[in-house]
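Notes follow once the structure below has been shown.
The values are calculated or read from the model by the stated rules, or taken from the named source; none is laboratory data. Since the model is a prediction, treat every value here as computed from it, not as a measurement. In this analysis, Cβ positions are derived from the backbone assuming ideal geometry, glycine residues included, and neighbour counts consider all displayed protein chains. Side chains are part of the model used for accessible areas, which takes the heavy atoms of the whole protein and leaves out ligands, DNA and RNA. Shrake-Rupley method; radii C 1.70, N 1.55, O 1.52, S 1.80 Å.
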Amino acid sequence: MSLHPTDDRFAQTLAGQLPDGALRRAEPRYLEEPRGRWKGTSQWVALPRSVEEAAIIIRACNAARVGVLPFGGGTGLVGGQVSPDTPAPLIVSMERMAAIRAVLPDENVLVAEAGAVLADVQQAALDAGRLFALSLASEGTARIGGLLATNAGGVNVLRYGNARDQVLGLEAVLPDGSVWNGLKRLRKDNTGYDLRHLLIGAEGTLGLITAATLKLSAIPAASGTALFTVARPKAALALLALARGQLGEGISAFELISRQGLAFQRETLPDLRHPWESPPEWCVLIELGLARGLDPAGALETLFEAGLEAGLVSDGIVAQSEQQRQDFWAIRERMPEANRLVGAISSHDISVPLSLVPEFIDRGGPMIATIGDFRINCFGHLGDGNLHYNVFPLRGGSKHDHAHQRDDIKRAVHDLVHEMGGSVSAEHGIGRLKTGDLERYGDPAKLAAMRAIKAALDPNGIMNPGAVLRR
């Protein structure tokens, strides 16, 4: 079904239904995305302050068959927040719906509007003596609505799960403009289909999330951080199994880091403090959060000794201060920054079954070498099988020199992932970047069901047209 662009006539009609300032010309920041691959075409942006205003906007767009482009913090990496090739949609930014509506520490619950920045939600939880465990590098700008729409992951998935695992209820405007008042605070609610999980991860294609009831957790009484050197990913995986046997749910994060990534940081980020004279081939960053009375530093030392005895680790550094802990985490969190400065030819957010991670890494390098001479930076969340597998030109080269090889690299990586029963999108979503991958690798029955759901809830196809499912 054809859509109409957001022209000045529609904008003027809609403006008459909204308070002053709720509709304005789109600034360049609404038309860009971090990787610079697409440029949006929208001319107008709506900025509701309430779910009622959001409903007016969606209802008007549905009636006029004008596309809606939900916009959070703009940090997405797969192009879900821009629309370069559809009739100019209306951008609906949630930035003015940023309130923390309620904090209920006795229930371990926080209710936040979709425009709330993740760092602000984390701080509101801390102020109440609780933890909101979703954590990722863009938490200073990413907003709750976008994080839920993409089912974001981050560094704490091993212990606390993905974004969807930290949500009890949602408030959302559906494509016809009706409001779903689903902000329940229940852990148990078996009353039919779970619309919460349908909207989470749908990337704004089935409705506009306006608020969420979020799960909080107890703040670990004591935490500890360490960097352990391992010879290869297989040893890192065995170390993870050893750590789980000793520490159970006390492991908050278990991150795999390669020498190539550390070399990129030394090349581009000279201010970053590394604890090694010569970077190791592989290392893991381990974060523990333990209950009162337990000693995380001692637990990490015991783990190191066991790993050393088993031949899994060769060196280890346990953070002795908060500053050193922050320095360790900066190495992991600034890895994407160094990658951007070097310039990747092709970047991949993939996952494979945990036991197959070492095999994927072992097979991936020789496979890429058949296409050409490249550098590979493989790092990520080993605890949940999510790797960021990025391919770069040799030193002195430019990614633009290899633009003709990008598709071949991407196809090779994704074919191997698919062969091993993995996913070509682990935590960033499909957006516009991976619609073709979804069609190539997705299960036919699942795709048919997805299209049927989209058609049923959004028959006019107004919600984020072209994202996830090709128009």
Query raised in the report: Could you work out Rg/(2.2 N^0.38 Å) for the stretch 311-393, with Rg from alpha carbons only?
Result: 1.27
Query raised in the report: Distance in nm between label sites at A63 and A241, each 7 Å beyond Cα in the beta-carbon direction?
Result: 6.3 nm
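Tell me, which longest segment in the chain has none of the chymotrypsin sites (Phe, Trp or Tyr not before Pro) that fall in DSSP loops with at most 14 further Cβ atoms within 10 Å?
Working: sites that count: Y193, W276.
The longest such stretch corresponds to 277-471.
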Query - Translational D in µm²/s for the stretch 363-471 (Stokes-Einstein at 25 °C, 0.890 mPa s, Kirkwood Rh from C-alpha pairs) - result: 154 µm²/s
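How much of the accessible area of the stretch 338-429, in percent, comes from carbon and sulfur atoms when a 1.4 Å probe is used?
On the way: 1780 of 3750 Å².
C and S fraction of accessible area: 48 percent.
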Query - Within straight-line cross-link reach of K454, lysines at Cα separation under 26 Å, skipping those fewer than 8 residues along the same chain - result: K39, K184, K434, K446
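Could you tell me the relative contact order of the chain? Use alpha-carbon pairs under 8 Å, at least six residues apart, and round to a whole percent. Spell out each step's value before the answer.
Values: 983 pairs, mean separation 75.3, N = 471.
So the answer I get is 16 percent.
Students often check this: by mean Cβ neighbours within 10 Å, which of 459-465, 334-340, 353-359 ranks highest, and how do the rest follow? Show your work: numbers first, answer last.
On the way: 459-465: 22.4, 334-340: 18.9, 353-359: 16.0.
Ranked from most to least packed, the peptides come out as 459-465, 334-340, 353-359.
Please compute the per residue accessible area over the stretch 39-188 with all protein chains in place, 1.4 Å probe, rounded to a whole number of Å².
Numbers: 5230 Å² over 150 residues.
Per-residue accessible area for the stretch 39-188 comes out at 35 Å².
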Requested in this report: Give me the number: length gained by fully extending T268 to I453, i.e. 0.36 nm times residue separation minus the C-alpha to C-alpha distance, one decimal in nm.
Outcome: 62.0 nm
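Just to verify a number: FRET efficiency for E52 and E281, C-beta to C-beta distance, R0 = 56 Å, to 0.05? Walk me through the numbers before you get to the answer.
Values: r = 57 Å, r/R0 = 1.02.
With R0 = 56 Å, the Cβ-Cβ based efficiency is 0.45.
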Query raised in the report: Hey, rough spin-label estimate for A445 and R96, points 7 angstrom out along Cα→Cβ, what's it come to in nanometres?
Result: 4.7 nm
Query raised in the report: With the contact rule set at Cα under 8 Å and sequence spacing of 6 or more, what percent relative contact order holds for the stretch 215-349?
Result: 41 percent
Requested in this report: Quickly work out the R471-to-D106 label distance, labels modelled 7 Å from Cα along the C-beta direction, and quote it in nm with one decimal.
Outcome: 5.2 nm
Requested in this report: Rounded to the nearest 500, what is the 222 nm mean residue ellipticity of the chain from helices alone, with -39500 (n - 2.57) per DSSP H run of 4+ residues and division by all residues?
Outcome: -9500 deg cm²/dmol
Query raised in the report: So, counting K/R as plus one and D/E as minus one, what does the shell of residues with Cβ under 12 Å around I251 add up to?
Result: -2
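How many percent of the accessible area of the stretch 18-107 is carbon or sulfur, using a 1.4 Å probe?
Values: 1820 of 3670 Å².
The computed percentage sits at 50.
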Report summary line: In this structure, the FRET efficiency calculated for R35 and R292 from their beta-carbon separation, with R0 = 45 Å, to the nearest 0.05, is 0.55
